[in-house]
Amino acid sequence: MKKAFFHIVNAVSVLIIALALFVLLSVVLTRSGETPSIMGYSVFRVISGSMEPAIEENDLIVVKRVEPEEIRTGDVISFYALDPSLRGAVNTHRVTAVSQENGETVFTTRGDANQLEDAYPVYSDALIGRVVFVSAFLGTLSRLVSNPLVF
């Protein structure tokens, strides 16, 4: 019984280490300026309250890479912001309108907690993907693990 337990613990440990190495390699091998992803999924921790109450500060979100044509009004997307104050940072807001401009899909977005739509449009080449999962628990856990004192 005791021996079987240690075999299970060893197998789980090896799987966790293998997964960690896979994630590390995918991050290290990602080209500069791109978002690391595994099988088309990227993970982010939210650092502002602009999407509250749907997505709160410190929540962890999973974003699935999708084609721009798949995005609809009402979807929550992550994208590289054109807003100079954000300096190209990843932003996550809800799509309020989808249009075409010179054959390219363009999105108008707004944070749920914001009164106005974003001043800068989101062009299809800035799209990272659609938010498919939100977790407050995993966000808090990732925040704790990334704290040097806790780690």
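The values are calculated or read from the model by the stated rules, or taken from the named source; none is laboratory data. Because the structure is predicted, anything quoted here is derived from the model rather than measured. Please note: Cβ atoms are built from the backbone with ideal geometry, for glycine as well, and neighbour counts cover all protein chains shown. Side chains are part of the model used for accessible areas, which takes the heavy atoms of the whole protein and leaves out ligands, DNA and RNA. Shrake-Rupley method; radii C 1.70, N 1.55, O 1.52, S 1.80 Å.
Of all the criteria given as (1) of a type in the set (A, V, I, L, M, F, W, C); (2) open to solvent by 50 Å² or more (accessible area, probe 1.4 Å); (3) over 16 Å from the mean Cα position of the chain (by Cα), the one not satisfied by V132 is (3). A Cβ distance below 6 Å, combined with a sequence gap of six or more or placement on separate chains, defines the contacts here; from segment 64-75, residues that are without any contact (Cβ under 8 Å) to a residue 24 or more places away in the chain and surrounded by fewer than 17 Cβ atoms within 10 Å (Cβ to Cβ) reach no residue that is of a type in the set (S, T, N, Q) and outside any loop (DSSP other than H, G, I, E, B).
Filter segment 36-52 down to the residues that are assigned to a loop (DSSP other than H, G, I, E, B) and open to solvent by less than 30 Å² (accessible area, probe 1.4 Å), then identify the one that is farthest from G129 (Cα to Cα).
So, considering only residues that are assigned to a loop (DSSP other than H, G, I, E, B) and open to solvent by less than 30 Å² (accessible area, probe 1.4 Å), the one farthest from G129 (Cα to Cα) is G49.
Checked against the criterion of being surrounded by 14 or more Cβ atoms within 10 Å (Cβ to Cβ), within 23 Å of F22 (Cβ to Cβ) and touching a helix residue (DSSP H, G or I) at 6+ places or on another chain (Cβ under 6 Å), the candidates L138, L127, L60 yield just one match: L60.
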